[in-house]
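Colleague: Structure in structure tokens, see below.
The values are calculated or read from the model by the stated rules, or taken from the named source; none is laboratory data. Bear in mind the structure is a predicted one, so any value in this text is a computation, not a measurement. We place every Cβ from the backbone using ideal geometry, glycine too, and count neighbours over all the protein chains shown.
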């Protein structure tokens, strides 16, 4: 009896300890595979210097070479095709550009932050138009990123100094200003890159609020993705955003040097990586995904755009 | 219970909280890192070892860049171009003194004692106000105040061998702004004008490359002309190095002579100096000496003086603007030239002349940028049109006249070669302007930087004058003659004083000096009262007491002579002033008294008839020279024919004792009755002459007063030296008869043996 009682007593202790150990086991980070294909640029800074954003279409890769105050266009193999602009204030010149977008006609939209304007070029790099980014009070706005809704003929711009999402029409008049400086829903603390979802909603990276906010075309907040922290599904310095064909959110983090994937409903799914480890995308800023499920990451301090295949990720 | 204790907190606030705001940079403070059951996306590593050493994660480059990448704040320039930045990951050098605040370093080092980002930057504790740009520095960096807090050895300006800071420039160059250069308030030059702590393109965190002195020239653009001069060491002395061992090709044409920090004294000098009393000249002399790099152009004796206060030339300088008390005679625009203080620094008020006053070492020829074919630069010999002069000399010696405005009157005199000796052959320097005819600014052949070989003479001044005023010389028609006013005479020894300039034997002005030619003559001005007088501007113009390069007009009152010979002023109202008695009479130079002056009527300073008295009239024939001077008028055909004493001589074989000798023997107060040798020199024992009893310059011994008109004298006047006959020299021989003989000296009866003496 005594032995039995001792056995039971030890069994209880074992149960408690095993329960604790089970509870304390670190949950593995879900990894989705990514395969590195090649890099454009590198540490010598000769080709690219501090690339801040990247856009893609069927045939080309468009990179904001912000350290050189220009845009460089490559073919899909990473061979240089075109250089647009240099440092300056004239049309066709840039001062500290950040974000970029390209439309179905191959027209290139660049957020020329230092010159307070969006510059539009044709696919040959010819300057078409400059849209001065000003608010309704005619105060100048420093644009961080730009994306175009061709069907609605709207241009969405994130404003660095007014913490707003600005909407311009094609002649360049400001139509709407959403948000402002704040932490509540619908407000921003340094809105960064933005992208258009398949259903025309607009997703904006809210950098210091460490989230992505998704708005309807009416300006209503429909979804928040990510939250503050360093756990999987949390964000510390979100910078880039891209949407794949399935509508999943890919969000880069420039301090944690990784890209996380969220469902179209905003639920965390995985971290891009190899085997069981997240891949490092050093100082990852703007990102883009093309129809071939290739991921393009602007790694600023690496002075390169890294190209990866995420096609295994179904 | 155990489960409760170990259940992790997963609260993620949407509202700002102190915890969250802090962890924006202090990421390792997040609770998630303490939760054992959660896998964080990055490992817990609060003090990682990064490139700068072991330090807090919040101040790593990665953390800073995560916001300063253009998406939140924009400091991309710090990373985009420059590969140079303020050193990090290094221990401070000995020269760096980090101040302490409450016992802690104001600018902390990392765990390894090395400089890191957090040394200067912190998100905490600095109230920047609204007007300042917050860059999270540990203290405000107004006008580079932060930089200077540690780099004190780089401050203090040129006095401490450093480039000036906090000095405003009117037009900060745009080229510097383009490369990220910063100027302080009011366009002040600050540390960040030349250096960029981040994003610099060049070594020493310079904003632009300076191995061709491009940075220096950004502001000192006017100095670029040095490239085409002999002062460009790359051309003239390519192997020459500065004190850091750098040649011009390595460090640029500026830095081989100047360095912005650790310089040797004035002009931020980077080469050897020769220390002199004139600190501003020391850099120049470092090369321009007989052993220096410019040994073919040494500065030797008889060169233009430096450390001369400009006010001595009658020029006042305020805020860099010059104002001369002498009005220019020819329309010239006086240019403000650099002046220096004792330390060799340029000053805006007052200041002294130094090498840099006349020379701009960066410009070979003023007003010309492209000068000569570079291949000939090193061989080119200078002249008054170039030679690094700040003003070309031209025909009118414009550079000299810029300071020596008062000397412009020379143009209107025979001392101007174009007037006085234009027919004489020019020497090679005669083309460098009027002044260069007589002066060489450097290495003259004698005093006054004389450009000609010295003549003969006692003093340096006389030797300069006799270079031309000599037999066979340029001015051989204007010689001083055998009998001329003595020079080399010390006024002090004569017990007299004067306000005329006196000179040492070396030709320097000195209050205890001697009388020399230039005591009476100002060689640069013909008429002392009229600087622009043209009367002397002719080859054949003849001078008189009004002109003749005299320092003071010497006419009615003989103002020049009486400046020294003050006791003789008493002649003015006596009959011996020929302006009173014989206005139309002329001396041997043909000058009436109103032209020759009172003294000049009888005395001639140069070309005199006698050495005694420098007589300007024809002496009467007499063995006793003294008497002959008096008799030149006091004879039956002379001007004073009505005052001819029938008997005037004393037996010449009888020598009398001078009053000095008699006093020595008898120790009595005796009347002054000088006695003379036959040649007219005052002696202790000599002949009794006219001037033994008479002082021709003084009407009466009792007072300075004189009638000022022709009048008859008495025993108390009549130019007698003494108003009493007591103890007169006559008594030495004539005893009691002396009074009678003295009183009736010119009477026939006095010559007879007197009854009392029998």
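Colleague: Would segment A:31-40 turn up any residue that is under 22 Å from residue A:295 (Cβ atoms) and in contact with a helix residue (DSSP H, G or I) (Cβ under 9 Å, 6 or more places away or on another chain)?
Modeller: yes
Colleague: Can you name the residue in segment A:185-215 that is away from chain B (no Cβ under 13 Å) and part of a strand (DSSP E or B) and is also surrounded by the most Cβ atoms within 10 Å (Cβ to Cβ) among such residues?
Modeller: A:195
Colleague: Yes or no: segment B:417-427 includes at least one residue that is in a loop (DSSP other than H, G, I, E, B) and touching a strand residue (DSSP E or B) at 6+ places or on another chain (Cβ under 9 Å).
Modeller: No, segment B:417-427 contains no residue that is in a loop (DSSP other than H, G, I, E, B) and touching a strand residue (DSSP E or B) at 6+ places or on another chain (Cβ under 9 Å).
Colleague: Can you tell me which residues in segment B:29-49 are crowded, with 18+ Cβ neighbours inside 10 Å and more than 9 Å from chain A (Cβ to nearest Cβ)?
Modeller: none
Colleague: Follow-up. Just wondering, is there one or more residues in segment B:640-651 that are within 25 Å of residue B:599 (Cβ to Cβ), assigned to a helix (DSSP H, G or I), in contact with a strand residue (DSSP E or B) (Cβ under 8 Å, 6 or more places away or on another chain) and without any contact (Cβ under 8 Å) to a residue 60 or more places away in the chain?
Modeller: Taking every residue of segment B:640-651 in turn, none turns out to be within 25 Å of residue B:599 (Cβ to Cβ), assigned to a helix (DSSP H, G or I), in contact with a strand residue (DSSP E or B) (Cβ under 8 Å, 6 or more places away or on another chain) and without any contact (Cβ under 8 Å) to a residue 60 or more places away in the chain.
Colleague: A follow-up question, please. Taking the condition of being assigned to a helix (DSSP H, G or I) and modelled with pLDDT of 90 or more, how many residues in segment B:178-196 meet it?
Modeller: Count: 5.
Colleague: Follow-up question, since we're still on this one. Please go through segment B:322-337 and give me each residue that is within 24 Å of residue B:159 (Cα to Cα) and free of Cβ contacts under 8 Å to residues at least 40 places away in the same chain, ordered by number.
Modeller: Hit for segment B:322-337 is B:336, nothing else.
Colleague: Could you check, for segment B:358-373, whether at least one of its residues is modelled with pLDDT of 90 or more and under 30 Å from residue B:530 (Cα atoms)?
Modeller: yes
Colleague: OK, next. Give me the residue from segment B:74-92 that is modelled with pLDDT of 90 or more and more than 11 Å from chain A (Cβ to nearest Cβ) and, out of that set, nearest to residue A:144 (Cα to Cα).
Modeller: B:90
Okay, residues lined up against (1) at positive phi; (2) touching a strand residue (DSSP E or B) at 6+ places or on another chain (Cβ under 8 Å); (3) assigned to a loop (DSSP other than H, G, I, E, B); (4) at pLDDT 90 or above:
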{"position": "B:8", "(1), (2), (3), (4)": "no, no, yes, no"}
{"position": "B:20", "(1), (2), (3), (4)": "no, yes, no, no"}
{"position": "B:33", "(1), (2), (3), (4)": "no, no, no, yes"}
{"position": "B:38", "(1), (2), (3), (4)": "no, no, yes, no"}
{"position": "B:44", "(1), (2), (3), (4)": "no, no, yes, yes"}
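Colleague: Please work out if residue B:597 is in a helix (DSSP H, G or I) and either surrounded by fewer than 20 Cβ atoms within 10 Å (Cβ to Cβ) or at positive phi (or both).
Modeller: yes
Colleague: Further question on the same structure: Tally up the residues in segment B:458-478 that are at pLDDT below 90 and farther than 17 Å from residue B:524 by Cβ, please.
Modeller: So the answer is 6.
For (1) at pLDDT 85 or above; (2) within 14 Å of chain B (Cβ to nearest Cβ); (3) in a helix (DSSP H, G or I); (4) within 30 Å of residue A:194 (Cα to Cα), each residue gets a yes or a no:
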position: A:7; (1), (2), (3), (4): no, no, yes, no
position: A:12; (1), (2), (3), (4): no, yes, yes, no
position: A:21; (1), (2), (3), (4): no, yes, yes, no
position: A:29; (1), (2), (3), (4): yes, yes, no, yes
position: A:40; (1), (2), (3), (4): yes, no, no, yes
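Colleague: Here is a check on your reading of the model: is residue A:177 away from chain B (no Cβ under 14 Å) and either under 12 Å from the mean Cα position of the chain (by Cα) or modelled with pLDDT of 95 or more (or both)?
Modeller: So residue A:177 passes the test.
For (1) within 14 Å of chain B (Cβ to nearest Cβ); (2) in contact with a strand residue (DSSP E or B) (Cβ under 6 Å, 6 or more places away or on another chain), each residue gets a yes or a no:
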{"residue": "A:224", "(1), (2)": "yes, yes"}
{"residue": "A:230", "(1), (2)": "yes, no"}
{"residue": "A:238", "(1), (2)": "yes, yes"}
{"residue": "A:242", "(1), (2)": "no, yes"}
{"residue": "A:246", "(1), (2)": "no, no"}
{"residue": "A:267", "(1), (2)": "no, no"}
{"residue": "A:271", "(1), (2)": "yes, yes"}
{"residue": "A:274", "(1), (2)": "no, no"}
{"residue": "A:277", "(1), (2)": "yes, no"}
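Colleague: Among the residues that make up segment B:567-574, is at least one of them in a loop (DSSP other than H, G, I, E, B), under 22 Å from residue B:619 (Cβ atoms), in contact (Cβ under 8 Å) with a residue 60 or more places away in the chain and touching a helix residue (DSSP H, G or I) at 6+ places or on another chain (Cβ under 6 Å)?
Modeller: no
Colleague: Of the residues that make up segment B:699-709, is at least one closer than 23 Å to residue B:577 by Cα and in contact with a strand residue (DSSP E or B) (Cβ under 8 Å, 6 or more places away or on another chain)?
Modeller: Among the residues of segment B:699-709, at least one is closer than 23 Å to residue B:577 by Cα and in contact with a strand residue (DSSP E or B) (Cβ under 8 Å, 6 or more places away or on another chain), which makes the answer yes.
Colleague: Let me confirm something: among B:65, B:71, which residue is within 11 Å of chain A (Cβ to nearest Cβ) and either more than 20 Å from residue A:252 (Cα to Cα) or under 60 Å from the mean Cα position of the chain (by Cα) (or both)?
Modeller: Answer to the check: B:65.
Colleague: Now for a separate question. Which of the residues spanning segment B:248-266 are outside any helix (DSSP H, G or I) and surrounded by fewer than 17 Cβ atoms within 10 Å (Cβ to Cβ)?
Modeller: Once the filter is applied, which keeps residues that are outside any helix (DSSP H, G or I) and surrounded by fewer than 17 Cβ atoms within 10 Å (Cβ to Cβ), segment B:248-266 yields B:261, B:262.
Colleague: If the Cβ limit is 6 Å and pairs must be 6+ apart or interchain, which residue in segment B:687-698 that is within 14 Å of residue B:612 (Cα to Cα) pairs with which residue that is in a strand (DSSP E or B)?
Modeller: So the pair list comes out as B:689/B:676.
Colleague: Would segment B:142-156 turn up any residue that is under 30 Å from residue A:300 (Cα atoms) and at pLDDT below 85?
Modeller: No, that holds for no residue.
Colleague: Among (1) in contact (Cβ under 8 Å) with a residue 60 or more places away in the chain; (2) crowded, with 19+ Cβ neighbours inside 10 Å, where does residue A:152 come up short?
Modeller: Of everything listed in (1) in contact (Cβ under 8 Å) with a residue 60 or more places away in the chain; (2) crowded, with 19+ Cβ neighbours inside 10 Å, residue A:152 misses just condition (2).
Colleague: Please give the number of the condition residue B:653 fails out of (1) more than 29 Å from residue B:569 (Cβ to Cβ); (2) modelled with pLDDT of 85 or more.
Modeller: Answer for residue B:653: the failing condition is (2).
Colleague: Moving on to the next point. Tally time: how many residues in segment B:50-62 are within 11 Å of chain A (Cβ to nearest Cβ) and either at pLDDT 95 or above or outside any helix (DSSP H, G or I) (or both)?
Modeller: The qualifying residues number 1.
Colleague: Sticking with this structure for a sec: Can you report the number of residues in segment A:251-265 which are under 14 Å from residue A:192 (Cβ atoms) and either more than 9 Å from chain B (Cβ to nearest Cβ) or out of contact with any helix residue (DSSP H, G or I) (no Cβ under 9 Å at 6 or more places or on another chain) (or both)?
Modeller: Qualifying residue count, segment A:251-265: 3.
Colleague: Continuing with the same structure: Does residue A:218 fit the bill of being within 13 Å of another protein chain (Cβ to nearest Cβ), surrounded by fewer than 19 Cβ atoms within 10 Å (Cβ to Cβ) and part of a loop (DSSP other than H, G, I, E, B)?
Modeller: For residue A:218, the condition - within 13 Å of another protein chain (Cβ to nearest Cβ), surrounded by fewer than 19 Cβ atoms within 10 Å (Cβ to Cβ) and part of a loop (DSSP other than H, G, I, E, B) - is not met.
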